[in-house]
1. Can you tell me how many residues in the range 187-211 are within 13 Å of the ligand (Cβ to nearest atom) and not in a strand (DSSP E or B)?
2. Scan the range 182-205 residue by residue and report those that are surrounded by fewer than 18 Cβ atoms within 10 Å (Cβ to Cβ) and either under 17 Å from the mean Cα position of the chain (by Cα) or under 17 Å from residue 141 (Cα atoms) (or both).
3. What are the residues in the range 1-30 that are more than 23 Å from residue 161 (Cα to Cα) and hydrophobic (A, V, I, L, M, F, W, C), if any?
4. Kindly indicate whether residue 150 is within 12 Å of the ligand (Cβ to nearest atom) and surrounded by fewer than 23 Cβ atoms within 10 Å (Cβ to Cβ).
5. Over 22 Å from residue 90 (Cα atoms) and either aliphatic (A, V, I, L, M) or in a strand (DSSP E or B) (or both), is that true of residue 182?
6. If residue 262 meets every condition in (1) more than 16 Å from the ligand (Cβ to nearest atom); (2) of a type outside the set (Phe, Trp, Tyr); (3) in a loop (DSSP other than H, G, I, E, B); (4) surrounded by fewer than 19 Cβ atoms within 10 Å (Cβ to Cβ) apart from one, which number is that one?
7. It is to be established whether one or more residues within the range 129-145 are of a type in the set (D, E, K, R), surrounded by fewer than 23 Cβ atoms within 10 Å (Cβ to Cβ) and at pLDDT 95 or above.
Amino acid sequence: MKKLENKVAVITGGGGVLCSTMAEHLATLGCQVAILDLNKSNAQKVADVITEKGGKAIGVEANVLNKESLVKAKEEINQKLGSCDILVNGAGGNHPKGTTSKTHFELADLESNEEMTTFFDLDPEGIKFVFELNFIGTLLPCQIFAQDMLNKTGCTIINISSMNAFTPLTKIPAYSGAKAAISNFTQWLAVHFSKVGIRVNALAPGFFLTEQNRRLLTEEDGSLTPRGNTIIEHTPMGKFGEPEDLTGTLEWLCGSGSSFVTGVTIPIDGGFSAFSGV
Ligand code: NAD
């Protein structure tokens, strides 16, 4: 009997870098996995990899910002795999319109001819996009899939927070605020669902090199950008994380070994959040 045999796991953003690795890992533990993504073909590719290795998985197109789309996905999952035991809310990300060009604002920026986005230029639409994708895009799947978890045991929700939820990262106020909201919501929902046996926790990944942030952290030749360098200097373990670094904590939070753990956000960050920089 595998550790999570016959559990049904739903992973939003499962076509992406971090969540595809999490989906594959849950499948090795015996979960039947539904990979939800806006990008159906990426979701299907991940499902195919799992199926080729002997696991059970389906790729499902779904938009975490659209309730009807999630209800439709749930119907398909219930019919093909059964009712949901584990929900991983992985869909999320930043947007350039919620990002300032520079770390610090200086008066000279007002007169500068350089192309730049200062705090005063930030586009509310960009900010809204980031808050909606990360926060509403976590809340709605909880509303839909937690319905399956009522009257069952061993059900769990895993949200994906970030380093910037503890202390905001420079330049990305929207993403920082939205991920802080995820950590806060993780505590709120853990308390709210505590009497019906659904545990709610979050992972806070440190810095993982993915397509989304590759241009921010590395130059075209693969060397580190100044921002990439600063991150490594502030990561006591001296490296970026690999997606596989998330799977041990995920496995623990989904299994019975963490049965008295709810409402926590666990940093997986090579010590970044523990280091003051001095
Ligand atoms: P990624 O871009 O590879 O994956 C995100 C996936 O979400 C994509 O496949 C995308 O198609 C999907 N998606 C986007 N909008 C969607 C929507 N409306 N509905 C359904 N699916 C949607 O990103 P990743 O780096 O693997 O990040 C996964 C999660 O981890 C995100 O929440 C991200 O914010 C968080 N995170 C990443 C890092 C990192 O260093 N990469 C660090 C901390 C937290």
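1. So in the range 187-211, the residues within 13 Å of the ligand (Cβ to nearest atom) come out as 202-211.
Imposing the further condition that a residue be not in a strand (DSSP E or B) reduces the set to 206-207, 209-211.
Number satisfying all stated conditions: 5.
2. First, pick out the residues of the range 182-205 that are surrounded by fewer than 18 Cβ atoms within 10 Å (Cβ to Cβ): 184, 187-188, 191-192, 194-197.
184, 187, 188, 192, listed by residue number.
3. Taking the range 1-30 and keeping what is more than 23 Å from residue 161 (Cα to Cα), we get 1-7, 28-30.
Of everything in the range 1-30, those that are more than 23 Å from residue 161 (Cα to Cα) and hydrophobic (A, V, I, L, M, F, W, C) turn out to be 1, 4, 29.
4. Details: within 12 Å of the ligand (Cβ to nearest atom): no; surrounded by fewer than 23 Cβ atoms within 10 Å (Cβ to Cβ): yes.
No.
5. Values: over 22 Å from residue 90 (Cα atoms): no; either aliphatic (A, V, I, L, M) or in a strand (DSSP E or B) (or both): yes.
No: the conditions fail for residue 182.
6. Result: residue 262 passes all but (4).
7. Step one: filter the range 129-145 for residues of a type in the set (D, E, K, R), giving 132.
With the extra rule that they be surrounded by fewer than 23 Cβ atoms within 10 Å (Cβ to Cβ), the set shrinks to 132.
With the extra rule that they be at pLDDT 95 or above, the set shrinks to 132.
Checked the range 129-145: at least one residue is of a type in the set (D, E, K, R), surrounded by fewer than 23 Cβ atoms within 10 Å (Cβ to Cβ) and at pLDDT 95 or above.
This table checks each residue for (1) under 30 Å from residue 3 (Cβ atoms); (2) at pLDDT below 95; (3) out of contact with any strand residue (DSSP E or B) (no Cβ under 7 Å at 6 or more places or on another chain); (4) within 13 Å of the ligand (Cβ to nearest atom).
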{"position": "213", "(1), (2), (3), (4)": "no, yes, yes, yes"}
{"position": "222", "(1), (2), (3), (4)": "no, yes, yes, no"}
{"position": "226", "(1), (2), (3), (4)": "no, yes, yes, no"}
{"position": "233", "(1), (2), (3), (4)": "no, no, yes, no"}
{"position": "241", "(1), (2), (3), (4)": "yes, no, no, yes"}
{"position": "257", "(1), (2), (3), (4)": "yes, no, yes, no"}
{"position": "271", "(1), (2), (3), (4)": "yes, no, yes, no"}
{"position": "274", "(1), (2), (3), (4)": "yes, no, yes, no"}
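The values are calculated or read from the model by the stated rules, or taken from the named source; none is laboratory data. What you see is a predicted model, and the numbers here were worked out from it, not measured in a lab. Virtual Cβ from ideal backbone geometry, glycine too; neighbours counted across all protein chains shown.
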